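First up is the structure itself, then whatever we jot down about it.
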């Protein structure tokens, strides 16, 4: 069934029929609590250079996520019980109820399902497509919700075997945020830091040589 | 044959005249439904304001909408579509559903945000503030909300548009889900302000119809969503419709009963139709007279007027019952005319007192009733006898009538009875529970309890303003009002913190004073220095160098803008909202603030004292009740004078103290008894009771006049009884049915007239007849 979806026109990423994206997603499942350091690189039309932040991602089970930014500023985002709490430095924490912003809710649910290896929950919010070669696979998730699709074009995950290397959020206006996780986060960033080089390093599993 | 042709000709001419009159009435008059035109002229500035605000205050023009039943996504979508449809509709001055949309600030208005926002009042927009803001934006762009904020950033890096949207959303707003308001019961909520006054049922009816058709146009047949409307305007429409429906329903039954009664009494279909002509002529003449003198007639005048004109139905009945063998209808009417004329003249002279009251509504009522009674009376005297068929049945021959007459004659008439009744009435009045008067006119047309509960629930969910209280802010001009509003705003915040009220909406929330705007303008960074400041503030941040060009342009523009005045602001999407909050009154201006959830009105006294009365609380309910009380006082004065005039007229007509006493005593005693019974039963009296009492007294005057009349023979006495019985039964048919109504205002009129007719009839028989027998 999902293979059919994956091969809808425009969504097919030259996937060989034997590539099983579901199995890959299931393989991403981690024991909770799962923590990983990350390096996030934002490419935006608003920025003259990529913006790099570092911190730690935390997955505490279905619908519960944490993201801590350590550099270049301090921020902790917690998602739990349908509420996002953002704490910045010593400022008063801000809370957003996810029910109020359904598109954000869908996005985070999908993301959480991805980390939990929950294929069914993921498919509820996204169309899944994928491709693979010898030592790399790439999954792409396009939002089903039209409002979310107006903002987010796709979430992509690059990895190898049962390890993810990069999570990319590709926004509808072309901006992108690429987040290097697990072992990839420890790799030096390609220099000069461009989107193409970073994407290549996500495919190849190390800084482009 | 020629007599018959003449009769037919006259009848046709009469009908043609009525048609012409009806045409004149329909084209020449406007029926106003606005309650205010029936109120006394305002004496003080606050009363005048009250008159305008009854129904026009921001709270009372508000309709609350809830869309429930269905998936949340669909409800939110319907809410957005309804908002768009209604915004394009001229019936509504404001429609909000909690949605933030950038159109609220049209691009051409965007530079004004730096004059409207209070963000930089404490700390001006300097390098430190800007650096902090820009750093926060970098962080925002890394957060899940990034995609929502991105479009705003280049022009508005400090997000003033969002700050203003928050400032302009209602002080206590409901939960937002999927971008629109939702109630805890999962209904999408909207607030709509009508242009029409809240208590103008016709205009509100139009607005509500527009609402319903707008909703119908956006829903599909398989939508389960239902629109629920609540608010003062909706209740006005609803209550009016149910009152009308019930009175029409009762009216139809009593009309059938009345027709059957007349057929039974006179055994002629032709007579039935002809008997309606004088009262129809009277009613049309009354309306035409008002059209001629005022051009506009109030709905209440029409209702009261028709009630009072009910007396005129007696005239043709008297004529029909008193016809006898060997005498033409014309001769019969001549025999009755002196008494009828006394009745008509005394009623008309009494109603002159209403004309002198100076209240437009009462003057209209007087004009309507006087001209109606005169035309009905004179057409009974001069036209009706000439069109009646020659064949008739003598009422004196009605089977059983003779026995009733003898039984009535044989009734004991103890002399102690009237004083005893008077004493009893005095005792009942003395013991009656308080309050004597019903000042809350709304209590007479109550809103069903479940609707009131829904209203309370929606009002709480939406944080909608109180209908009862308004905050008045006075200034010598609009600017003065806005300054005072700014000055008092922190004081009101203190009161909110103390729990005196839940929230308030002041004019300065929408538009700061010109003074404040100029101060803000002066504090904005110099356009020559801003680029350098921006560069310093964004040092170390990744923003593209030219990204904030639109921001620089807006700040530079804001420095040169002319400060917004209410007149300029009126053209903005929020202009209508502010416009409803500011008004010119003679040589000064008033600002109207709405109050949300008042808990302690007394606490505002302090604020009033501090501002030397420039800021004060208007209690619309309290003030309108005092207005009703003042109005009733005027009516009572008019009544007092009317009674004196009536008594004088009767004395002058009789030129006999004894006979006049026998007519007036039963009428007076019966009126007192009705009052005593109503009050003893715990009914607080209202204007409607007073009007009903007047009608009953008018009918009672007829009973007493005719019973008091000395009759040449027993047959004529039976005819008097016949006429009176037909009158009594027909009045009871109409009003006893009304007394059974579920609507208090109809019940008030029905019960009062029914009781009155009963008492007047009994006392006339006992007291007026007795007088005749003794003097005979």
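Each reported figure results from applying straightforward, stated rules to the coordinates on display, with no laboratory input. Being a predicted model, the structure only gives us computed values, none of them experimental. Because the Cβ atoms are built from the backbone with ideal geometry, glycine has one as well, and the counts that use them run over all protein chains shown.
Using only the alpha-carbon atoms, what does region B:63-181 span along each of its principal axes? Please give whole angstrom values in decreasing order.
If we take the Cα atoms of region B:63-181, the spans are 50, 32, 26 Å.
Any idea what the relative contact order of region A:21-134 is, in percent, if you count C-alpha pairs under 8 Å spaced at least 6 apart?
23 percent
Taking the alpha-carbon set of region B:561-677, what are its Rg and Dmax in Å?
In order Rg, Dmax, the Cα atoms of region B:561-677 give 27.0, 87 Å.
Set the Förster radius R0 to 22 Å, insert the Cβ-Cβ distance between residue B:255 and residue B:394 as r into 1/(1 + (r/R0)^6), and round the FRET efficiency to 0.05.
So, using R0 = 22 Å, E works out to roughly 0.25.
Give the shape of region A:20-203 as rounded, prolate or oblate, defined through the alpha-carbon gyration tensor: a ≥ b ≥ c are the square roots of its eigenvalues, a/c under 1.5 means rounded, and otherwise the shape is prolate if a/b is larger than b/c and oblate if not.
It is rounded, given that a/c, with a ≥ b ≥ c, falls under 1.5.
Other chains near B:544-556: what is the mean number of their Cβ atoms within 10 Å of each residue's Cβ?
1
Would you kindly state how much longer the chain becomes between residue B:630 and residue B:588 on full extension, computed as 0.36 nm times their sequence separation minus their alpha carbon distance, in nm to one decimal?
My answer for the length gained is 12.5 nm.
Per DSSP H run of n ≥ 4, the term is -39500 (n - 2.57); total these for the protein assembly as shown, divide by its residue number, and report the mean residue ellipticity at 222 nm rounded to 500 deg cm²/dmol.
-17000 deg cm²/dmol
If you take the square roots of the eigenvalues of the alpha-carbon gyration tensor of region B:164-237 and sort them as a ≥ b ≥ c, do you get rounded (a/c under 1.5), prolate (a/b over b/c) or oblate?
oblate
Measure out, as a whole number of angstrom, how far apart the alpha-carbon centroids of region A:140-168 and region A:186-203 sit.
About 18 Å separates the Cα centre of region A:140-168 from the one of region A:186-203.
Going highest first, how would you order B:622-631, B:589-598 by mean Cβ packing within 10 Å?
Descending packing order for the listed peptides: B:589-598, B:622-631.
With the crude spin-label approximation of a point 7 Å out along Cα→Cβ, what separation in nm comes out for residue B:341 versus residue A:90?
Calculated label separation equals 10.2 nm.
Taking only C-alpha pairs under 8 Å that are 6+ residues apart, what is the relative contact order of region B:218-359 in percent?
RCO, region B:218-359: 15 percent.
If we sort B:240-253, B:716-729, B:671-684, B:364-377 on the protection proxy, mean other Cβ atoms within 10 Å, highest first, what's the order?
In descending order of packing, they fall as B:364-377, B:716-729, B:671-684, B:240-253.
Using the Cα atoms of the protein assembly as shown to build a convex hull, what is its mean projected area in square nanometres?
So the mean shadow area of the Cα hull is 53.2 nm².
With a point put 7 Å past each Cα toward its Cβ, work out how far residue A:194 is from residue B:246 in nm, to one decimal.
Each label point is offset 7 Å from its Cα along the Cβ direction, giving 8.3 nm.
I'd like the orientation of helix B:127-141 relative to chain B: the angle between its Cα long axis and the longest Cα principal axis, in ° from 0 to 90, rounded to 10.
Helix B:127-141 sits roughly 80 degrees off the main axis of chain B.
Taking a ≥ b ≥ c as the square roots of the eigenvalues of the Cα gyration tensor of region B:331-454, is the shape rounded (a/c under 1.5), prolate (a/b larger than b/c) or oblate?
oblate
For region B:186-221 and region A:37-113, what is the centre-to-centre distance using only Cα atoms, to the nearest Å?
Here the two parts' Cα centres lie 42 Å apart.
Pairing the Cα long axis of helix B:417-431 with the longest principal axis of chain B, what angle in degrees results, from 0 to 90 and rounded to the nearest 10?
Orientation of helix B:417-431: about 10 degrees from the principal axis.
Place a point 7 Å from Cα of residue B:521 in the direction of its Cβ. Which residues in region B:107-137 have their backbone N less than 18 Å from it?
Under 18 Å, as judged by backbone N against the label point of residue B:521, lie B:108-121, B:125 of region B:107-137.
What nm distance separates the two modelled labels at residue A:32 and residue B:127, each placed 7 Å from Cα along Cα→Cβ?
With each label placed 7 Å out from Cα toward Cβ, I get 4.9 nm.
Set the Förster distance to 30 Å, then compute FRET efficiency between residue B:386 and residue B:407 from the Cβ-Cβ distance, nearest 0.05.
Plugging the Cβ-Cβ distance into 1/(1 + (r/R0)^6) gives 0.20.
Only Cα pairs under 8 Å and at least 6 apart count here; give the relative contact order of chain B as a rounded whole percent.
Relative contact order comes out at 21 percent.
On a 0 to 90° scale, report how tilted helix B:657-680 is relative to the longest principal axis of chain B, with both axes built from alpha carbons and the result rounded to the nearest 10.
Once rounded, one gets 40 degrees.
Enter the mean number of other protein chain beta carbons within 10 Å of the beta carbon of each residue in B:237-243, as an integer.
Across the residues of B:237-243, the mean count of other-chain Cβ atoms within 10 Å is 0.
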